[in-house]
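Data block below; observations after.
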Ligand code: PLP
């Protein structure tokens with residue numbers, strides 16, 4: 001049972017018939033052409049994404065991975081403002097390309113060439129620390145809708161709103177990295193929508209293609225695109241569009257965003273009742289379960305003894321749950337039963 005979703009990628013379930021059909025049909029016509037021709041499917045994708053997310057006035061730039069989306073978002077904000085300083089947050093993860101990894105708060109994955117960028121890391125949810133930094137020379141503040149690799153840490157609504165206000169006052173752009181927390185996973189299309197703010201740039205990937213490599217940068221209308229500013233060979237090819245359109249169709253038809261709320265609330269309530277659990281964090285189907293002990297062996301038991309695959313986090317006591325948004329009540333119960341059984345030996349060793 002997949003409670004990791006291939007790192008939050010599997011949004012509509014593996015081999016969904018509509019997804020398979022759309023990709024097969026496209027493959028029989030033409031699989032790829034570059035952006036030197038107009039690809040009608042890009043317009044359909046952009047229109048459907050705008051409608052479902054509530055961002056139909058934003059432009060869409062299509063690329064291939066989360067890191068690439070963030071790299072382009074940061075580059076665009078520097079083009080737009082003419083500035084080069086970036087604010088990011090402690091424990092952030094934005095990808096492994098040059099600027100994206102520089103804005104990732106993990107020196108172990110930064111090579112020397114990645115350390116030349118001008119990045120300031122601030123503590124998440126510390127409004128005081130944020131206000132101490134002047135933004136007049138900052139091109140972008142980049143923040144995850146919910147921090148994933150960090151073990152599901154959520155920025156408060158108040159924190160996001162105060163960043164939005166200060167960006168407005170100073171001309172810095174606000175980039176919301178919704179690569180992991182987007183596409184309905186949290187019970188809203190984007191996690192930041194709980195705070196009722198509108199970022200200047202939003203990045204998406206993972207759940208967008210349900211496994212087909214596709215990513216996007218949503219760009220507010222006030223940022224004027226200039227020809228040649230951003231570019232890509234593979235981004236927005238026919239097959240990628242077919243996969244991404246199929247995902248949006250299924251999310252809408254099967255009301256998967258509502259299902260993420262209902263199943264997520266249920267799972268979190270039930271897990272909170274279990275012994276050995278220190279804290280349950282998250283929204284919808286983006287859940288972090290922090291144990292009183294290192295959870296690595298527990299995760300191994302879950303997969304090898306109970307056939308349930310879960311995720312880890314940078315904090316090793318945390319189990320990350322990122323199941324497909326299609327899960328049913330019976331599947332949630334199956335998980336809960338397996339989790340409770342797998343926990344037993346650890347509770348005995350804790351109480352001895
Ligand atoms: N941003 C966030 C929040 C992520 O969780 C990830 C991947 O885990 C990325 C960016 C990078 O995405 P990709 O691995 O597709 O480059």
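The values are calculated or read from the model by the stated rules, or taken from the named source; none is laboratory data. Quantities reported herein were computed from a predicted structural model and do not represent experimental measurements. All Cβ positions, glycine included, derive from the backbone under ideal geometry; neighbour counts span all protein chains shown.
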Self-check item: Long-range neighbours under 6 Å by Cβ, at least six apart or interchain, first residue touching a residue at least 60 places away in the same chain (Cβ under 8 Å) and within 21 Å of residue 76 (Cα to Cα) within the range 186-208, second assigned to a strand (DSSP E or B) and within 14 Å of the ligand (Cβ to nearest atom)
Solution: 201/175; 202/176; 203/177; 203/217; 204/216; 205/215
Self-check item: Matching entry among 98, 162 (being without any contact (Cβ under 8 Å) to a residue 60 or more places away in the chain, more than 11 Å from the ligand (Cβ to nearest atom) and closer than 30 Å to residue 244 by Cα)
Solution: 98
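State the number of residues belonging to the range 43-73 that are outside any strand (DSSP E or B) and touching a strand residue (DSSP E or B) at 6+ places or on another chain (Cβ under 7 Å).
12
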Quiz prompt | Unique match (being surrounded by 24 or more Cβ atoms within 10 Å (Cβ to Cβ), free of Cβ contacts under 8 Å to residues at least 40 places away in the same chain, in the same structural domain as residue 21 (by TED's automatic domain parsing) and out of contact with any helix residue (DSSP H, G or I) (no Cβ under 6 Å at 6 or more places or on another chain)) among 169, 178 | solution = 178
Practice problem: Please specify each residue of the range 38-64 satisfying the condition of being within 12 Å of the ligand (Cβ to nearest atom) and closer than 25 Å to residue 138 by Cβ. | Solution: 63
Exercise. Sort through 220, 205, 191 and tell me the only one that's at pLDDT 95 or above, outside the structural domain of residue 283 (by TED's automatic domain parsing) and farther than 27 Å from residue 38 by Cβ.
Key: 191
Exercise. Please specify each residue of the range 24-52 satisfying the condition of being in contact (Cβ under 8 Å) with a residue 40 or more places away in the chain and more than 27 Å from residue 177 (Cα to Cα).
Key: 25, 26, 27, 29, 30, 31, 32, 33
